[in-house]
Each structure stands twice: as C-alpha cells, then as structure tokens.
1. Consider Leu216 carefully, then state whether it is open to solvent by 10 Å² or more (accessible area, probe 1.4 Å), in contact with a Gly (Cβ under 9 Å, 6 or more places away or on another chain), at pLDDT 90 or above and farther than 15 Å from Trp151 by Cα.
2. Restricting to region 164-191, name every residue that is in a helix (DSSP H, G or I) and open to solvent by 50 Å² or more (accessible area, probe 1.4 Å).
3. Quick check: anything in region 131-138 of a type in the set (S, T, N, Q), under 26 Å from Ser15 (Cβ atoms) and open to solvent by 30 Å² or more (accessible area, probe 1.4 Å)?
4. Any residue at all in region 81-89 that's in a helix (DSSP H, G or I), modelled with pLDDT under 90 and under 16 Å from the mean Cα position of the chain (by Cα)?
5. If you go through region 76-90, how many residues are crowded, with 22+ Cβ neighbours inside 10 Å and either without any contact (Cβ under 8 Å) to a residue 60 or more places away in the chain or in contact with a strand residue (DSSP E or B) (Cβ under 8 Å, 6 or more places away or on another chain) (or both)?
6. Tell me which of these Ile142 doesn't satisfy, since it passes every other one: (1) touching a helix residue (DSSP H, G or I) at 6+ places or on another chain (Cβ under 9 Å); (2) at pLDDT below 90; (3) aliphatic (A, V, I, L, M).
7. Spot the failing condition for Leu161; the list is (1) open to solvent by 40 Å² or more (accessible area, probe 1.4 Å); (2) within 19 Å of the chain's Cα centre (by Cα); (3) at pLDDT 90 or above; (4) not β-branched (Val, Ile, Thr), and only one is missed.
Amino acid sequence: MDWDWLLNTVPALPSDGLLRVARPLMWAVVVAAASAWVTVTVWRSGPEAQGRRVARWVAACCAAWCLLPSPWSLAHHLSLAFMLPSWTTVLLCGMSLWRSSFAINSKAKNPQKISGKSPLFLKLLWAGAFILGTVLLADTFILLPFALYRWGFGTAVVATLALLAAVAWVSTAPGSVTRAQASVVALALVFHVVTRLPSGNVFDAVIDPLLWMWLLVSGLKRFRGASAAAATTTRG
C-alpha cells in the first residue's frame, strides 16, 4: 500500500532566523519551570510566600542563563543534546512556572478545585502519549518495519491529532484536568502549524524525549501508588 499521501511533497520547515530566536526562548521557559519547581519543592518546610519569591529569582536567573549568547548559553548545550523541546513541553512548563512561582496564594483566591478529572480519559491520554513516544523511539533505532517519523511531515497526522484533541476536549467536563491537557495539545498543534517549530515535524511538536521520560516516571509513580493503595485495602 502506498502511504505517500500522508506526506507533503516539500515539508514546511522553520526558518533559520526563527530557530535562532526560538531556541533560547523555548529552553528558557522549560529550564525556568524546572528550577522553580525544584525550588518550591525544596522550600516546603519554610514559608510559602518566601519560597515563591526565591523560586521567581531562581527561575529568572536560569532563564537569563539560557538567553546568553552561545556557547555560554545553557540553551546552546541543551540543544546539542535534545534539539528543541516540544510545544507541549513548553506550554506545560509555562503553566507549571505560573503555578509554582507566580500564583501567590492561589488556593485562597481560587477555592474551587478542579472538577471532573475523568480518570479514564487521563489514563487513555497518558497511555497514548507514552505509546507514541515509545514507538517513535523504536523508529529512531530503526526497529520498525515502517518509517513512522516521516509521516509527521504530512498534514494527515496533524489533522488526526487535532481531531483526537477535539474529541478529548468536547468529551470532558469544563475545568477538568483532561480538558486542560487537551487544550495544551491543541495549542501545541496551532503553534506548530503557524511556526513549523521545532523541526517541521508534528511529532516533535507534541512530544519529545524529556516529556516521554516524565510520562514514564509519572506512570511508574501512579502504578506504585495504586499498588500500595490496593495492598492497604486488602490488608484492611
């Protein structure tokens, strides 16, 4: 069967100028969010407001490090190892950065908790993203009988991912975790179509090695937590 209809004749790639500008900015968001999360996590024993102030300073310093000119820029060295982060990772890190360092007293100002978590959709979303990352990893090492990655340059895969994100968004309750995550994927697809970042391939826009490793670790933690809860229930 001929699968060439999945591909564009000439894949649309981001311009060199846009790459030079976007590389430090995208890595700055990711590194700032990671450093702020670590700072807030370590600061749990101290005052929350003070911990958030420290997290903002740490995040700002790490972001500034990424914005330095090469080869002093941290983004330069990260790009050598991981190229660019996906739009999904950048958006999730941006949300995490806001919650961990800028949303002061967010619990007091927003007493309504997230409702309608839709655990089934969350599991399906996590499983789909993890499977996609695993299959792409196998494709990287030429372990598949077909070349999946090249399909990401075509428009059919973009349309399929957009349809899946729309179904997840429509099928979940307003304010739910799954709807928020579906919105992130939808925004990642929009940014990819507009900018063609990070590589012109839609797979690189929705998932990257860092996000795949985070999915693996979070999945193992959820599995261990569920197993411990089940064991406790059985003993009780």
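The values are calculated or read from the model by the stated rules, or taken from the named source; none is laboratory data. Only a predicted model underlies this, so the values are computations on that prediction, with no experimental measurement involved. In this analysis, Cβ positions are derived from the backbone assuming ideal geometry, glycine residues included, and neighbour counts consider all displayed protein chains. Areas reflect the complete protein model, heavy atoms only, side chains present, ligands, DNA and RNA absent. Shrake-Rupley method; radii C 1.70, N 1.55, O 1.52, S 1.80 Å.
1. For Leu216, the condition - open to solvent by 10 Å² or more (accessible area, probe 1.4 Å), in contact with a Gly (Cβ under 9 Å, 6 or more places away or on another chain), at pLDDT 90 or above and farther than 15 Å from Trp151 by Cα - is not met.
2. Of everything in region 164-191, those that are in a helix (DSSP H, G or I) and open to solvent by 50 Å² or more (accessible area, probe 1.4 Å) turn out to be Leu164, Val167, Trp169, Val170, Gln181, Leu187, Val190, Phe191.
3. Restricting attention to region 131-138, the residues satisfying the condition of being of a type in the set (S, T, N, Q) are 134.
Now drop any that are not under 26 Å from Ser15 (Cβ atoms), which leaves none.
No, because not a single residue in region 131-138 is of a type in the set (S, T, N, Q), under 26 Å from Ser15 (Cβ atoms) and open to solvent by 30 Å² or more (accessible area, probe 1.4 Å).
4. Checked region 81-89: at least one residue is in a helix (DSSP H, G or I), modelled with pLDDT under 90 and under 16 Å from the mean Cα position of the chain (by Cα).
5. Looking only at region 76-90, we keep the residues that are crowded, with 22+ Cβ neighbours inside 10 Å, and these are 84-90.
Those still in the list that are either without any contact (Cβ under 8 Å) to a residue 60 or more places away in the chain or in contact with a strand residue (DSSP E or B) (Cβ under 8 Å, 6 or more places away or on another chain) (or both) too: none.
The number of residues fulfilling the criteria is 0.
6. Every condition holds for Ile142 apart from (1).
7. (1)
Results for (1) over 19 Å from Ile131 (Cα atoms); (2) within 13 Å of the chain's Cα centre (by Cα), shown as yes or no for each residue.
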{"residue": "Gly175", "(1), (2)": "yes, no"}
{"residue": "Leu187", "(1), (2)": "yes, yes"}
{"residue": "His192", "(1), (2)": "yes, no"}
{"residue": "Val202", "(1), (2)": "no, no"}
{"residue": "Trp212", "(1), (2)": "no, yes"}
